[in-house]
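I have placed the structure first, in the form of structure tokens, so that the comments after it can refer back to it.
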Amino acid sequence: MPAPLGLAIAARHLSHRRRQTVTSLLGVALGVAFFIAIASMMQGFQQDFVNRIIDSSPHVTIKDEFRTPPRQPVENVYPGATIQLRGLKPKDEVRGLRGGRAIIAALEQIPGLKVAPTLSGNALLRYGPKDSSVNVIGIDPDKERLVTKLEQDLIAGKLEGLYTAANGIILGEGVALKAGIAMDDLVSVVSPEGVVLRMKVVGIFRSGLTLTDNFDTYMLMKKAQVLQNRPNVINRVRIRMDDVEQAEALAKSIESRFGYRTESWQEQSSNVLGIFVIQNAIMYSTVGAILIVACFGIFNVISTVVFEKTKDIGILKSMGFRDADIRRIFVYEGLMVGCIGVLMGWALGYGLVEFMGSLEFKMEGFVRAEGFVLYRTPKHYAISGAMGLLASTFAAWLPARRASRMKPVDIVRGAA
Amino acid sequence: MTAIPILEARNLTRELPGPVPVTLVRDIDLGVGAGEFVAITGPSGSGKSSLLYLLGLLDAPSNGEVLVDGLTTHGLNDNQLADLRLSRFGFVFQFHFLLPEFNALDNVQIPMRRLGLLGAGEIRDRAEMLLQALGLGEHAHKLPEQMSGGQRQRVAIARAMANDPAVILADEPTGNLDTKSAENVFSQFRRLATDLGRAVVVVTHDTELAARADRRVHLVDGRIVP
Ligand SMILES: Nc1ncnc2c1ncn2[C@@H]1O[C@H](COP(=O)(O)OP(=O)(O)O)[C@@H](O)[C@H]1O
Ligand SMILES: [Mg+2]
């Protein structure tokens, strides 16, 4: 059958059933539009989050920990044997990266890497009657500014303030707000070792990552070592790289070379990245459900057309139309609904995305944001278009097959 | 009427299987030549329609065979039968089965477009010519619902003629027409046989019209009786 003939018959069938056709068109269009809107919102959010992490956190962090407990000498003597040891006491080791300076020196030889040591630990920030638990990070500002975005994130003060003040400290915005601390205020920092330092607030930063802003504080490495009573000790090495995609590979090679647990930014944010996977699954199943409903709509129209057009199917077949011709006519009807529905959905989806882009509001979750961060890509249009067409073709296929299998003699006899 | 038959039934039997098998037609032998007009008559339920469906390759016999142009159609698959119907047969049914969404001109064009031998312009010209010949020139752009029963039936005849078939089969084409329309439609069939040399088989229970056929085949209980 020449395609124009089949298309002409299909188009007439649909245009004479306008209300039902429009209903199923809307089903497809809504499914497609929601996909585009939700996908651009979710991917925009996720991309933004990842960008913020890549921007403001180190790409690779070496920690003073080991992934597996140390091997006992007896295990080396009898490899592979079943060994049971009782009453093991952990060695009283000084925590920290042993040979930290050598590790840093070695890493600095690799091109494309910026390396900064830190000593981080917990402390209590005391200001007036208010105590807040904070994460104290001792840094070397000249190296820090190469590795993290701390300097750019400062909304008050300067990184140099750490050098110029006698005892300077930089606070996250959340820390400062909660305790009511302002620039140049004096606070007491109390460590678990019992050391107390009077420090002056020389800077406040806002990274946009809620957890960081609410807990992190920075001071000079020397002060942190005094506070923690661990002279000359560092317990983290943070690395920034030119090519963030190489982070996992680099982490692996550092860990196997130096033995210390080394985490890439992906590993450090694996809980959040895991949530993204679930988010995406929810998005796809939501849109899938909408399309299934649209499928029912199309199935319904085309089944109705097949039922109402039984007489026509009989006459077309007796006239010499093949089974495949009849099937094609009704599949064309599904495809028409699909194509037009997809086009409408694209337009609607585009409109929705632009509308969301124009909204402004304040939101605080994993990240602080003003309005939706939207990700626009032709990929979303391609995926939703393919799903819409697939769904409508599939929905049309079943009634079309039924129509093609009708015996003309049964139809003609029944009507005579 | 001495030429070899265009359409021939040999020993044709059709039974519907089931717990109580129903015999629709039994042991039919019939040949129709070019230019011959055959009327099938008989009481209601005698198997006239069933015979016509078998002759038109719409139904398959339980026994015997149908030959077209002297060749058996036994063993042809559904697609081959459809192609044969498309090029060699024209059907007219009692309830004129026009496609309701298409106007008269489009309805007549559909078989030609399906066959695809002519260009769009030629198809249109031929459809107009066929409608003209049946006196429907000024109704070409009307939808079926805008026409009378007689007019619709003539559109159906024009459509049956579209691919220039050798055989025209009609099942009670005048069944629900008034006398004047019936007369008009019947004379068209007469013309197709006499002037255009088609083999025409018309089922009718109107004995007066049947009398004007070249030959009458009378069915009773699915058998031909003299
Ligand atoms: N599908 C069927 N099932 C059972 N009986 C049928 C079926 N089709 C036709 N018949 C019976 O077969 C006989 C012949 O029918 P038909 O060919 O339509 O006769 P006519 O056209 O002469 O009125 C009738 O008795 C009819 O009731
Ligand atoms: Mg009948």
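Name the most mobile residue of B:L192, B:L30, B:L118, meaning the one with the largest mean-square fluctuation, in a Gaussian network model of chain B with Cα contacts below 10 Å.
Maximum among the listed residues: B:L118.
In the range A:1-100, what GluC sites (Glu not before Pro) fall in a loop by DSSP, with at most 15 other Cβ atoms inside 10 Å?
A:E65, A:E93
Please compare each pair in A:K252/A:K379; A:K89/A:K222; A:K149/A:K178; A:K178/A:K252; A:K149/A:K379; A:K317/B:K48 to a cut-off of 29 Å on the Cα-Cα distance and tell me which ones are over it.
Pairs exceeding 29 Å: A:K252/A:K379; A:K89/A:K222; A:K178/A:K252; A:K149/A:K379.
Once amide H atoms are built 1.01 Å from N in the peptide plane, which residues 5 or more positions from B:V203, or in another chain, come under 5 Å H to H?
Counting only residues 5 or more places away or on other chains, the set is B:I40, B:A170, B:D171, B:E172.
Putting +1 on Lys and Arg Cβ atoms and -1 on Asp and Glu Cβ atoms, find which of A:Q109, A:A33, A:V22 reaches farthest to the positive end of the dipole of the range A:1-130.
Selected residue: A:V22.
Taking the solvent-accessible surface of protein heavy atoms with a 1.4 Å probe, what is the per residue accessible area of the range B:7-225 in Å²?
Heavy-atom SASA per residue in the range B:7-225 reads 41 Å².
Where the only charges are on Cβ atoms (+1 Lys, Arg; -1 Asp, Glu), what is the dipole of the protein assembly as shown about its Cα centre, to the nearest 20 debye?
In debye, rounded to 20, the protein assembly as shown gives about 1180.
Divide by every residue of the protein assembly as shown the summed helix terms, -39500 (n - 2.57) for each DSSP H run of at least 4, and state the resulting mean residue ellipticity at 222 nm, rounded to the nearest 500 deg cm²/dmol.
That calculation yields -15500 deg cm²/dmol at 222 nm.
Only Cα pairs within less than 10 Å get springs; with that Gaussian network setup on chain B, which residue of B:D171, B:D59, B:D195 has the largest fluctuation?
B:D195
Residue by residue, what Karplus-based ³J(HN,Hα) values in Hz, rounded to whole numbers, does the range B:59-73 have, using 6.51, -1.76 and 1.60 with θ = phi - 60° and x for Gly and Pro?
My calculation for the range B:59-73 gives 10, 9, x, 7, 8, x, 8, 10, 10, 10, 6, x, 10, 6, 9 Hz in order.
Give the distance, in whole Å, between the Cα centre of the range B:1-71 and the Cα centre of the range A:118-176.
What the calculation gives is 100 Å, centre to centre.
Kindly rank B:18-25, A:265-272 from highest to lowest mean number of other beta carbons found within 10 Å of each residue.
A:265-272, B:18-25
Calculate one ³J(HN,Hα) per residue across the range A:74-88 by plugging θ = phi - 60° into the Karplus curve 6.51 cos²θ - 1.76 cosθ + 1.60, and present them in order as whole Hz with x for glycine and proline.
For the range A:74-88, the Karplus-derived couplings read 5, 5, 6, 6, 10, x, x, 7, 8, 10, 10, 10, 10, x, 5 Hz, x marking Gly and Pro.
As an exercise, take the mean of 1/r over every pair of distinct alpha carbons in the protein assembly as shown, invert it, and state the Kirkwood radius in angstroms.
About 32.3 Å for the protein assembly as shown.
Rounded to whole Å, give me the distance from the Cα center of the range B:159-224 to that of the range A:279-330.
39
Just the number, please: percent antiparallel of the DSSP beta bridges in the range B:7-225, rounded to the nearest 5.
Counting only bridges with both partners in the range B:7-225, antiparallel ones make up about 50 percent.
Which residue, A:G80, A:G128, A:G180, tops the fluctuation ranking in a GNM of chain A built on C-alpha contacts under 10 Å?
A:G80
Loop only per DSSP, at most 15 neighbouring Cβ atoms within 10 Å: give me the trypsin sites (Lys or Arg not before Pro) in the range A:1-77, ordered by residue number.
Sites meeting the loop and neighbour criteria: A:R67, A:R71.
Return the value, in Å² to the nearest 100, of accessible area buried between chains A and B (probe 1.4 Å, both sides summed).
The contact between B and A buries close to 2700 Å².
Take every residue in peptide B:112-122, count the Cβ atoms of other chains within 10 Å of its Cβ, and give the average of those counts.
Counting other chains' Cβ atoms within 10 Å and averaging over B:112-122 gives 2.
Using amide H atoms built in the peptide plane, which far-off residues or other-chain residues are under 5 Å from B:I28 H to H?
The list, which skips near neighbours in sequence, is B:N11, B:L12, B:T13.
List the trypsin sites (Lys or Arg not before Pro) in the range A:72-150 that DSSP assigns to loop (not H, G, I, E or B) and whose Cβ has at most 13 other Cβ atoms within 10 Å. Which are they?
Those that pass, being in a loop and sparsely packed, are A:R86, A:K91, A:R95.
Label points 7 Å out from Cα along the Cβ direction at A:I292 and B:R215: separation in nm?
6.3
The values are calculated or read from the model by the stated rules, or taken from the named source; none is laboratory data. Just so you know, these numbers come straight off a predicted model, no measurement behind them. Quick reminder, even Gly has a Cβ in these numbers, built from the backbone with ideal geometry, and neighbours come from all protein chains shown. The accessibility values were calculated without ligands, DNA or RNA, using every heavy atom of the protein model including side chains. Shrake-Rupley method; radii C 1.70, N 1.55, O 1.52, S 1.80 Å.
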